[in-house]
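What follows is a short report on a single structure.
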Amino acid sequence: LRVWKQVNGSDKAEPFKRPVTKREAPDYHTVIRKPMCLNDVKKKLDRSEYGGNHRDFLSDMHLIFQNAMTYNLKGSEIWNWAKELRDTLRREEAAVFSDSTQGSRGAGVAAGAGRKAADAPADDDEEGGDSTRVKGQPVGRPRGKATPAPQRVEDDGAGDD
């Protein structure tokens, strides 16, 4: 819960707290196959759906920011916030799991429950959203697909009479 609270308490967390709706981004569920948000993770925590499985919890947390970085244009405000929160998540994850694995093996994390470097998501700073995303949409939600600008047709005077 400490990890969730740290991420959720950030001033950049607001866009990631609730699910993306079709009204906000009609193509979101086509691009993102497994949506996740901070409120969904909190509900799962409250209902003990993770059952102490830290790996599943961390997987859902990372998924939130991976989805945002996949859907949004790299360098956009939302993409940058997702990257910043993903980095916060990684730091908190390292701190919590290094603290809980110090000393005896039964200190709160089952053997193998902590993420190993090979299990962590790749550092995908070079990946990002599709370059056809529209900039200037409301802050805090993913951008929709860009539509091509109408082409102006010049009259060449030849006429089609």
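Every number in this text was worked out from the coordinates using simple rules, so none of it is lab data. The structure presented is a predicted model; accordingly, all values stated were derived computationally and were not measured. Positions of Cβ are generated from backbone atoms using ideal geometry, with glycine treated the same way; all protein chains shown enter the neighbour counts.
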Residues whose placed amide H lies under 5 Å from that of Leu73, excluding near-sequence neighbours: Gly129, Arg143
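When a/c is below 1.5 the answer is rounded, else prolate if a/b is larger than b/c, else oblate, so apply that to segment 23-73 with a ≥ b ≥ c taken from the square roots of the Cα gyration tensor eigenvalues. Mind dumping the intermediate values first?
Numbers: a/c = 3.02, a/b = 2.02, b/c = 1.49.
Since a/c reaches 1.5 and a/b is larger than b/c, the shape of segment 23-73 is classed as prolate.
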Global form of segment 1-49, assessed from the alpha-carbon gyration tensor, a/c cut-off 1.5: oblate
Protection proxy ranking, peptides 10-20, 69-79, average beta carbon neighbours within 10 Å, highest first: 69-79, 10-20
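Could you pull out the pairs from Lys17/Lys83; Lys42/Lys83; Lys5/Lys74; Lys44/Lys74 whose alpha carbons sit more than 23 Å apart here? Let's see the in-between values first.
Details: Lys17/Lys83 15 Å; Lys42/Lys83 20 Å; Lys5/Lys74 26 Å; Lys44/Lys74 30 Å.
Beyond 23 Å: Lys5/Lys74; Lys44/Lys74.
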Phi-based couplings in Hz for segment 51-60 (Karplus 6.51, -1.76, 1.60; Gly and Pro marked x): x, x, 7, 5, 4, 5, 4, 5, 4, 5
